[in-house]
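Have a look at the structure below before the remarks.
The values are calculated or read from the model by the stated rules, or taken from the named source; none is laboratory data. If you're wondering where the values come from, they're calculated on a predicted model, not measured in any experiment. Every residue, glycine among them, receives a Cβ derived from its backbone with ideal geometry; neighbour counts consider all protein chains shown. Ligands, DNA and RNA are excluded from the accessible area calculation, which covers all protein heavy atoms including side chains. Shrake-Rupley method; radii C 1.70, N 1.55, O 1.52, S 1.80 Å.
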Amino acid sequence: MAADTKIPAMGDPAERTIPRLQPGAMEQSKPYVAAPAHNEPLGFPGELVPDWQEKGIARMGELLGKYKSLRVFMDICVKCGACTDKCHYFLGTGDPKNMPVARQDLFRSVYRRYFTPAGKALGAMGMGKLVGAREFTKEVLDEWFNYFHQCSQCRRCSVFCPYGIDTAEVSMAARDIMDNIGQGHKYANEIIGKVHKIGNNLGLPGPALIDNLEGLEEDLKDETGLDIRMPVDEEGAEILLVTPSADFFAEPHVLGLMGYAKVFHAAGTSWTISTKATEAANFAMFIGSYDQMQKIAMRIREAALELGVKRIVFGECGHAWRVAYSFLNTLIGPMDFLDPRYPRPQHILEFTHDLIKRGGIRLDKSGNDGMVLTFHDSCNVARASRMGDSAGGQFVIPREVIKACVPKFVDMHPDTIGEKTFCCGGGGGLLTDELMDVRIKGSQPRMEALNDVVKREGVTHMAAICAICKAQFTKVLPTYGFDREMIVSVHQLVSNAIVLGNND
Amino acid sequence: MTTFFAILFYAAFAVLVVGVGLKVAQYARTPAPLKIPTTPAPLTPAGAAFRVGREVTLFESLWKANKPLWLFAMVFHLGLALVLVRHLRYFLEPVWAPPVWSLIVWLQPFGIYGGLAMLAGLAALLVRRVVVQRIAYISGPSDYLMLALLLAIGVSGMMMKMVAHTDIVAVKSFFLGLMVFDIRALPADPLLAVHLFLVALLMLVFPFSKLLHAPGVFFSPTRNQADDPRERRHLAPWAAQLERERN
Ligand code: HEM
Ligand code: HEM
Ligand code: SF4
Ligand code: SF4
């Protein structure tokens, strides 16, 4: 943990000050480089290959041919600067290379040098600078490694860019290239390895998981007096629940899992967890690897087919929901083995929201007495997916569920929620201790908006629907002088409010 | 001078059309393997087309991002559009498409405002680029040169309009001649020569510069994709190939 991090000040979110540029402020921030043991199982070279420059450029060429986003975005940025004050990492650090367009330019300069006529011609004469072209040198590679790991791929910049240029696409491409020349990101690659080997990010093997869930069933019994089940590998269940593995034990995640179990119980719907797909997260998205992403997603298809379920429901997780909602049909579809009357796949909040609307469950707000809630929209849910059947449902549904469960709800400043939401600071594969400095600084805009509603409206808790957000806030809240338990799962609130059993 | 400009414009036109054509073909052919609209996004392809339309005509996202910049951008681009439409009179015979022609005629009196708006917008954009620290940081030589080039074209055009008139009938005759491969005399007017030379330069750099944003905006997947991944399976050819190899 970076003990010497200077905590940025929290001002008024309505008058956010744009920091003055502090060149080089974050040039030392970087994650650990992956070791051969992390890279090789994913099919990447163990360490930086001798001809990395050539290989890297070749890989860039391949990606340009495969991704329209990258191809178009490389050419069309007009350097208008509309995005420059939109990234939380820039706002929190003042490092100009954390301005989205500047981050893209680390990549674009290499693109220009090797893939545009002007860059090739002028670059060969040593005048590449004229058109913003740079040689792909070791310094440039190091810069990539540092700054493309200060991007949480949150897409906030893409909301404001007049052409929708999404820096996340560029950082995914950069990370893919780095992986393919042996300069991987340890945290992400190690985790992907664990998913392949053990089945989930946390490296929790099946028996330990079953043990753990039995413990939770006992807790639920103690709390409610009812036999609320946490079924595992039950063939013929109606629903397969795929949830981030943090939900299996870490707080506040696990309280959310208990909430899902109560909802399923109250709805009388049979469900199961599969030991084959004990992880909703898909870190392959962060490293931009289609191949890995598909491999990880495929476990879900296999699990669903083996167990013969009719529906797939995802637990609270941001990027996992992006992969599920936006990519799953592409990666593992067609999902015609599932019941077409329900969304394929469905979000747990869609499930709960639907029940509430139909009067299928009863909620008693007094279960959350004394709590004043606000809601943190997670980037990948807000800007890369949807819930429900109308655009923006991803903002409405969680809020309606929360409001049904708590006595008071207030939103944070409108520039910091909905499609303009700020990242928690730990997304995109940055949730690792060696990046704590940038994580703390990057959470400044969110902390500022939270502080504002705490002061004005007496907010006591902030709900989130993402395992990464929850883990990040648990760490970061105390550094800004808040209680770490301020962050809660939405289904934790449902769990507190739901009226079970002896009511009819 | 007439021959020089004749050759220059044939060359510039060829580079512009072939260059942009190749780029557009490349953009169109490159697959988008995943659904990545920036949400909330329209749920239908028609809705997505409408979204792109709003980006092109209203600069919708820029409005969300930065109001002064939006204003400068609007003033510049609308001015430019007006100027360009007005310029059609140098390339079209009056008999061609009467409604279009009457629009061009109707717009003539506004030309001066178009030119002024374009210049004012460009000047504001340039000042912003120099004065705002963040924008100065991301600006390279080519960004300043592009603004300078457009300013110079605009200024030379305005000077012809307001200070030293050129024989626009002869200009028109020259360009109509070029279109039927008949080289007719171009007025030997220094301002016109500057104007035309710079315009040819603009045409030459267009396919190699950030001016590709004009065709490119239509191909941006975060804007032109509909939000319907659960309803419709989206599969790029290379992803389908991967799938076949796996099975
Ligand atoms: C489909 C048509 C077009 C659209 C939607 C469009 C849109 C935009 C937008 C949104 C910006 C960013 C805001 C700004 O900096 O002004 C921009 C910048 C720019 N556009 Fe366009 N544009 C189009 C066509 C053109 C054309 C035909 C030209 C020139 C021949 C042009 C020249 C420029 C220049 C030079 C800039 C950068 C201004 C600066 O340096 O700040 N645009 N355009
Ligand atoms: C081959 C193409 C072009 C030709 C033959 C041409 C010719 C001319 C002529 C003859 C004038 C003087 C009008 C008068 O005296 O009433 C003029 C004005 C002007 N031109 Fe061009 N021009 C061309 C392209 C352009 C382009 C691409 C731009 C902008 C980027 C531009 C911007 C202007 C402006 C701002 C004026 C002054 C305002 C106006 O008359 O509309 N021109 N041009
Ligand atoms: S995607 Fe998010 S983190 Fe990355 S540059 Fe854009 S705003 Fe910053
Ligand atoms: S907003 Fe878009 S076009 Fe403007 S500088 Fe940023 S990335 Fe480039």
Between the alpha-carbon centers of region A:372-424 and region A:217-277, tell me the distance in whole angstrom.
24
Placed amide H near A:TRP271: partners under 5 Å, 5+ positions off or other chain:
A:GLU238, A:ILE239
Fully extended, how many nm does the chain gain between A:ASP211 and A:ALA250 (0.36 nm per residue separation, minus their Cα-Cα distance)?
12.5 nm
Along the Cα→Cβ direction, 7 angstrom out, place labels at A:GLU223 and B:LEU22. What is the inter-label distance in nm?
6.4
Kindly provide the pair-distance distribution of chain B built from C-alpha pairs, with 5 Å bins from 0 and whole-percent values in order of increasing distance.
1, 5, 9, 13, 15, 16, 13, 10, 7, 5, 3, 2, 1, 0, 0
So if I restrict to the alpha-carbon atoms in region A:229-278, what is the Rg, and what is Dmax, the biggest pairwise distance, in Å?
10.5, 30
Cα to Cα, under 27 Å, and not fewer than 8 places away if on the same chain: which lysines meet these conditions relative to B:LYS161?
B:LYS172
Give me the accessible area per residue for region B:37-228, probe 1.4 Å, as a whole number in Å².
46
Note the per residue figure in Å³ for the convex hull of the C-alpha positions in region A:268-309.
70
How large is Rg/Rh for region A:2-191, to two decimals, with Cα atoms and a Kirkwood Rh?
0.98
5 angstrom amide H check on A:ALA463, placed H, neighbours 5+ away:
A:THR374, A:PHE375, A:HIS376, A:VAL488
Starting from region A:292-380, pick out the trypsin sites (Lys or Arg not before Pro) whose DSSP state is loop and whose Cβ has at most 14 other Cβ atoms within 10 Å.
A:ARG341
Please give the calculated 222 nm ellipticity per residue for the protein assembly as shown, where each DSSP H segment of at least 4 residues contributes -39500 (n - 2.57) and the sum is spread over every residue; nearest 500 deg cm²/dmol?
-16500 deg cm²/dmol
Under 10 °C and 1.306 mPa s, how fast does region A:289-446 diffuse according to Stokes-Einstein, given a Kirkwood radius computed over C-alpha pairs? Answer in µm²/s, whole number.
91
Fraction of alpha-carbon pairs in region A:34-140 farther than 19 Å apart, rounded to whole percent, equals 56
Of every Cα-Cα pair in the protein assembly as shown, the percent that sits beyond 46 Å:
27
What span do the alpha-carbon atoms of region B:1-104 cover on each of the three principal axes, reported in whole Å from largest to smallest?
54, 32, 30
Semi-axes of region A:375-467 from the Cα gyration tensor (sqrt of 5 times each eigenvalue, largest first, whole Å) come to 22, 18, 11
Explain nothing, just the number: relative contact order of chain A, from Cα pairs under 8 Å at least 6 residues apart, as a whole percent.
19
Neighbourhood charge, 12 Å Cβ-Cβ cut-off, centred on B:GLY47 and excluding it, Lys, Arg +1 and Asp, Glu -1
+1
Run the reach check for A:LYS365 against lysines, Cα to Cα strictly under 30 Å, same-chain hits fewer than 8 apart removed. What comes back?
A:LYS221, A:LYS262, A:LYS357, A:LYS403, A:LYS408, A:LYS420, A:LYS455, A:LYS470, A:LYS475
Charged-residue dipole, Cβ positions (Lys, Arg, Asp, Glu), region B:178-247 about Cα centre, Debye nearest 20:
260
Alpha-carbon Debye profile of region A:249-371, log10 I(q)/I(0) at 0.19 Å⁻¹
-1.14
If you roll a 1.4 angstrom probe over the protein chains with everything in place, what fraction of the accessible area of chain A belongs to carbon and sulfur, to the nearest %?
50
I'd like the GluC sites (Glu not before Pro) in region A:97-200 restricted to DSSP loop residues with at most 16 other Cβ atoms within 10 Å, sorted by number.
A:GLU135
Hey, what did region B:37-228 get for relative contact order, percent, Cα under 8 Å, at least 6 apart?
34
Taking region A:2-191, the lysine pairs whose C-alpha atoms sit under 17 Å apart (8 or more places apart or on different chains) add up to 9
Treating only the Cα positions of region A:413-500 as identical point scatterers, give the base-10 log of I(q)/I(0) from the Debye formula at each q in 0.17, 0.20, 0.23 Å⁻¹.
-0.72, -0.97, -1.22
Lys, Arg +1 and Asp, Glu -1 on Cβ, resulting dipole of chain A about Cα centre, debye, nearest 20
1840
At most 11 other Cβ atoms within 10 Å plus a DSSP loop assignment makes a site exposed; report the longest stretch of chain B without any exposed chymotrypsin sites (Phe, Trp or Tyr not before Pro).
B:1-95
